[in-house]
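A short worksheet on the structure shown next.
Read-outs throughout are calculated quantities, based only on the coordinates presented, and are distinct from any laboratory measurement. Remember, it's a predicted structure, so these values are computed and weren't measured experimentally. Here Cβ is always computed from backbone atoms with ideal geometry, including for glycine, and neighbour counts include all displayed protein chains.
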Amino acid sequence: MIMERLDQITVYGDDAGIEYLRNQSAALRLLSLAMVKSALLKYELLGFTGYIPKELYNIEIINK
């Protein structure tokens, strides 16, 4: 049951917290500001080709 719920959750946090969680489990869906910046930069440079960086797979970009 818990593993099914983890597929529905994305954890957003600072780089240190996300690094800690990544070391706990590679299956967690994690997102940090550094990850977003890296992925969006790649997308801006290559997005017109239809290429979507793997960093953008299954993440949600939230605009505050």
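Charge dipole of the chain (Cα centre as origin; +1 on each Lys and Arg Cβ, -1 on each Asp and Glu Cβ, all else neutral): 80 debye, rounded to the nearest 20. Applying both filters, DSSP loop and at most 14 other Cβ atoms within 10 Å, to the chymotrypsin sites (Phe, Trp or Tyr not before Pro) of segment 1-59 gives TYR51, TYR57.
Other residues whose C-beta falls under 11 angstrom from the C-beta of ARG22 contribute a net charge of -1, scoring Lys and Arg +1 and Asp and Glu -1. Counting Lys and Arg as +1 and Asp and Glu as -1, what is the net charge of the other residues whose Cβ lies under 13 Å from the Cβ of LYS42? My count for the surroundings of LYS42 gives 0. The simple Förster model, with R0 at 25 Å and r as the Cβ-Cβ distance, assigns MET3 and VAL36 a FRET efficiency of 0.45.
Evaluated over the Cα positions of the chain, the convex hull gives a direction-averaged projected area, one quarter of its surface, of 5.0 nm². With both labels modelled 7 Å from their Cα along Cα-to-Cβ, the VAL11 to SER25 distance reads 0.8 nm.
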